[in-house]
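The next block holds one structure in the form of structure tokens; read it before the comments.
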Amino acid sequence: MIIGITEVKPKNSAYKLNPAEFNLDLIDSYHLFSINIDSDKGRGMILYVHKTLGAKEVNMEINYEENIFVKIALNNNDALLLGLLYRSPSEIALSNNNSNLLNLITEPTQKNFSHILLMGDINYPNIDWETHSCKSDNIESDEYKFTQCVQDNYLYQHVTKPTRWRGSDTPHVLDLIFTNEENMVSDIEYLSPLGKSDHCVIQFQYNCYTKLKIDNRTKICYDRGNYEDFNKEILETSWEVLLKQGDHIDKNWEKFHEKLLEMEKRYIPVKKIKNID
């Protein structure tokens, strides 16, 4: 019910991406949170959270280039702070980013959240997460400072198998999952990469307690739709008039989306479903 993706933008893209290109609203009921998708900064990240979780975006105080944080209400007035992070291995991007990352990881532990879940591509290949130690004994190294930060904030890191490999390169544990309690994560699976990525997909179970925010709803009966008239209207629609070539892609997407939903209401029946607690 939660999907986090880092490095959304390719390194050498011929055109700028737009958040609308990643909208899952028509496929399922997910909220999309994003950063640096339509800008020249960073590699871009997207976070999908199912609408039944009622996630709300949280702006952190620490200025860190690529991070997304959301708050999810749990039972008994508890709350989960979920963070998606990306640390670039590029030397150009490292000026203040490494120290800011330490402060960003520390900040959630100083707030009043019962549950903390941080995940992302941190790009520290020289850390052995089985022993929480670094290959180098240099206490001034960024890797050492990072492991100390994790320990000082009493966070648990759950990924121990390599998550990135390419050709003859040595596999490394680069993608990490942190929580403030050891038993919050279970059933970790290392799956095939997404698209052409050389990072594996990590799937896991996050253990918490929340009542999903599901209202009495309607089900769209796609198997009973009037697709003959639906397709006829699609063919008769003047798309070149509705979707103007000079308009921004987001604006045209909204027009297309509205048209599709309006046709769906007219040609595809629905039925009410009552929720059972």
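Readers should treat all values here as calculations from the given coordinates under stated rules, not as data from a laboratory. Values in this document were obtained by computation on a predicted structure and should not be read as measured data. When we count neighbours, we look across all protein chains shown, and the Cβ atoms used for this are built from the backbone with ideal geometry, even at glycine.
Here are a few things to note about the model shown:
- Residue-count net charge about S197 - beta-carbon cut-off 11 Å; Lys, Arg +1, Asp, Glu -1: -1
- Local net charge near P269, Cβ-Cβ under 14 Å (Lys/Arg +1, Asp/Glu -1): +3
- Note on region 27-123: Rg/Rh from Cα positions, Kirkwood definition for Rh, rounded to two decimals, is 0.98.
- Principal axes of region 217-273: Cα extent on each, largest first, Å: 42, 25, 12
- Shape summary: the chain maps onto an equivalent ellipsoid whose semi-axes, from the alpha-carbon gyration tensor, are 39, 24, 17 Å in decreasing order.
- From largest to smallest, the equivalent ellipsoid semi-axes obtained for region 112-177 from the alpha-carbon gyration tensor read 21, 16, 9 Å.
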